[in-house]
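Undergrad: Pasting in a structure now, in structure tokens, and then I'll have a few things to ask.
The values are calculated or read from the model by the stated rules, or taken from the named source; none is laboratory data. Small disclaimer: the values here were computed from a predicted structure and weren't measured. Heads up, the Cβs are rebuilt from the backbone with ideal geometry, glycines too, and the neighbour counts pull from every protein chain shown.
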Amino acid sequence: MAKVNPYQVEGKVDYDRLVQEFGITKLTPADLKRIEKLGGELHPYLKRGIFFAHRDLKWCLDEYEKGNKFFLYTGCGPSGPIHLGHLGIWRFTKWLQDTFDTEVWFQFTDDEKFLFKDLSYEEIQKWTHENMLDVIALGFDPRKTHFLIDTKHAGIMYPEAIKVAKKITFSTIKAAFGFTDSNNIGSIFYTSMQTVPVFLPNVLRGEKRPCLVPLAVDQDPHFRISRDVVEKLGHHKPAVLHSVFMPPLVGMEGKMSSSDADKAILTTDDAATVKKKINKYAFSGGQATVEEHRKKGGNPEIDIAYQWLRYFEFDDKKLKKIHDDYKSGKLLSGELKAILIEKVNEFLAEHQKKREKARKEVEKYIFKQK
Ligand code: TRP
């Protein structure tokens with residue numbers, strides 16, 4: 001049985017089971033139609049089931065139609081370099097920002113990573129800065145994007161966090177995250193900090209807008225808890241959009257992680273490294289010999305090069321042709337990998353340029369109270 005919570009993702013994830021277990025709702029074709037109607041287009045990640053489930057999306061869109069626009073909230077735990085798995089969620093968030101013309105509140109949980117990882121406070125600060133560059137490089141609108149860094153914005157966050165914390169028991173936290181009595185006491189408190197941005201913008205401005213949280217499904221347990229609590233504090237429950245995990249290079253199990261640099265491609269990897277990693281590690285759904293492959297064809301469902309192309313090739317027709325050619329045996333594993341390598345390197349070349357430019361833009365994004 002796969003384990004999925006914010007601090008552990010192991011095994012082959014059965015998303016239908018997770019929907020049951022977490023009590024979330026699968027996105028239906030009707031939901032997608034509605035998003036398309038309201039936004040004017042549909043992101044490939046929605047068409048392809050990469051974002052696959054939600055909480056309260058209908059309510060959030062109802063409010064939108066009534067003129068009460070939502071704000072977006074997502075975040076980053078700064079404990080290492082950014083990999084392509086992180087980027088998927090954030091690229092989608094940026095699309096939501098552009099499509100619905102909304103604010104984005106972006107939380108950098110330096111407190112969380114300090115408490116959960118064996119890293120010094122100084123190392124975490126370095127990663128916070130580096131990770132901000134990746135977020136900025138994706139092109140979020142600086143006038144509508146606000147970075148919250150937990151230890152830096154403690155002055156506005158802490159008074160709200162204690163209100164949240166007062167309504168959560170230790171046993172709730174233990175059950176949700178699998179903690180024991182030997183967890184440090186900061187880690188027990190942390191969920192309250194991740195809850196604050198759900199309503200902080202409304203508190204600061206005296207508004208009551210819906211909050212929509214795009215996330216990878218492992219983060220849902222935080223918000224399952226948040227939803228109960230914030231309502232007791234007089235705020236709306238946040239709506240949530242859940243994404244599956246982009247699979248690690250080595251195969252469909254678990255999730256990508258920066259700590260296993262060999263299994264992930266980092267946003268700072270150069271073209272040669274990308275090529276080497278994909279050729280060496282990307283799990284292949286192809287057959288053992290060319291002859292056999294031509295005869296039986298490959299399996300795109302487990303082939304990482306194909307699975308990753310679903311994140312990078314936005315042209316549906318091209319992607320379908322790659323899928324069909326691979327399945328029929330016309331396209332070989334090495335050729336499929338070459339297509340991915342080119343796509344990823346094209347993306348990263350652009351990203352790395354913007355990432356360098358971002359060094360001068362950080363201040364514009366950090367939230368400042370007027
Ligand atoms: N806890 C998340 C992580 O470890 C970071 C985060 C904070 C987050 N707030 C969020 C992620 C809201 C998604 C949505 O990466």
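Undergrad: Within segment 57-142, considering only helices (runs of 4 or more DSSP H) that don't extend past its boundaries, which have at least 3 residues that are surrounded by 19 or more Cβ atoms within 10 Å (Cβ to Cβ) and within 13 Å of the ligand (Cβ to nearest atom)?
TA: By residue number, 84-100, 110-116, 121-137.
Undergrad: Please verify whether residue 177 is in contact with a strand residue (DSSP E or B) (Cβ under 8 Å, 6 or more places away or on another chain) and free of Cβ contacts under 8 Å to residues at least 60 places away in the same chain, treating the condition exactly as stated.
TA: No: the conditions fail for residue 177.
Undergrad: Would you confirm whether any residue within segment 2-20 is modelled with pLDDT under 95, within 28 Å of residue 266 (Cα to Cα), within 14 Å of the ligand (Cβ to nearest atom) and of a type in the set (S, T, N, Q)?
TA: The answer is yes, given that some residue of segment 2-20 is modelled with pLDDT under 95, within 28 Å of residue 266 (Cα to Cα), within 14 Å of the ligand (Cβ to nearest atom) and of a type in the set (S, T, N, Q).
Undergrad: Looking at residue 12, is it assigned to a helix (DSSP H, G or I), over 30 Å from residue 365 (Cα atoms) and out of contact with any Gly (no Cβ under 8 Å at 6 or more places or on another chain)?
TA: Judged against the criteria, residue 12 is not a match.
Undergrad: Moving on. Taking the condition of being closer than 16 Å to residue 56 by Cβ and crowded, with 24+ Cβ neighbours inside 10 Å, how many residues in segment 187-213 meet it?
TA: Residues in segment 187-213 being closer than 16 Å to residue 56 by Cβ and crowded, with 24+ Cβ neighbours inside 10 Å: 6 in total.
Undergrad: Also, I was wondering about something else. For segment 163-222, which residues satisfy the criterion of being under 23 Å from the mean Cα position of the chain (by Cα), closer than 13 Å to residue 5 by Cα and of a type in the set (D, E, K, R)?
TA: Listed by number, the residues that qualify are 218, 220.
Rundown of residues vs (1) in contact with a His (Cβ under 7 Å, 6 or more places away or on another chain); (2) closer than 20 Å to residue 129 by Cα; (3) of a type in the set (Lys, Arg), yes/no style:
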{"residue": "300", "(1), (2), (3)": "yes, no, no"}
{"residue": "309", "(1), (2), (3)": "no, no, no"}
{"residue": "312", "(1), (2), (3)": "no, no, no"}
{"residue": "318", "(1), (2), (3)": "no, no, yes"}
{"residue": "350", "(1), (2), (3)": "no, yes, no"}
{"residue": "368", "(1), (2), (3)": "no, yes, yes"}
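Undergrad: Could you tell me which residue of segment 276-303 is nearest to residue 338 (Cα to Cα), considering only residues that are among the hydrophobic types (A, V, I, L, M, F, W, C) and surrounded by 14 or more Cβ atoms within 10 Å (Cβ to Cβ)?
TA: Filtering segment 276-303 for residues that are among the hydrophobic types (A, V, I, L, M, F, W, C) and surrounded by 14 or more Cβ atoms within 10 Å (Cβ to Cβ), the one nearest to residue 338 (Cα to Cα) comes out as 278.
Undergrad: Checking the conditions here, which among 291, 301 is free of Cβ contacts under 8 Å to residues at least 24 places away in the same chain, farther than 23 Å from residue 264 by Cα and out of contact with any strand residue (DSSP E or B) (no Cβ under 8 Å at 6 or more places or on another chain)?
TA: None of the other options fit; the residue is 291.
Undergrad: Right, next: Tally time: how many residues in segment 166-201 are in a helix (DSSP H, G or I) and away from the ligand (no atom under 16 Å from the Cβ)?
TA: The total comes to 6.
Undergrad: Select from segment 41-56 the residues that are surrounded by fewer than 19 Cβ atoms within 10 Å (Cβ to Cβ) and free of Cβ contacts under 8 Å to residues at least 60 places away in the same chain and write down the one among them that is farthest from the ligand (Cβ to nearest atom).
TA: 41
Undergrad: Could you grab me the full set of residues in segment 253-300 that are over 24 Å from the mean Cα position of the chain (by Cα) and on the phi > 0 side of the Ramachandran plot?
TA: Scanning segment 253-300 gives a single hit, 297.
Undergrad: Name the single residue, out of those in segment 330-362 being surrounded by 14 or more Cβ atoms within 10 Å (Cβ to Cβ) and among the acidic types (Asp, Glu), that is nearest to residue 283 (Cα to Cα).
TA: Ranking the candidates gives 335 first.
Undergrad: On to the next question. Are any residues in segment 15-56 closer than 25 Å to residue 208 by Cα and assigned to a strand (DSSP E or B), and if so, which ones?
TA: 25, 53, 54, 55
Undergrad: Scan segment 18-40 for residues that are loosely packed, with under 13 Cβ neighbours inside 10 Å, within 17 Å of residue 241 (Cα to Cα), free of Cβ contacts under 8 Å to residues at least 60 places away in the same chain and not polar (S, T, N, Q) and jot them down.
TA: The answer is 21, 29, 30, 33.
Undergrad: Scan segment 251-275 for residues that are β-branched (Val, Ile, Thr) and either surrounded by 19 or more Cβ atoms within 10 Å (Cβ to Cβ) or in the same structural domain as residue 18 (by TED's automatic domain parsing) (or both) and jot them down.
TA: Hits for segment 251-275 are 265, 267, 274.
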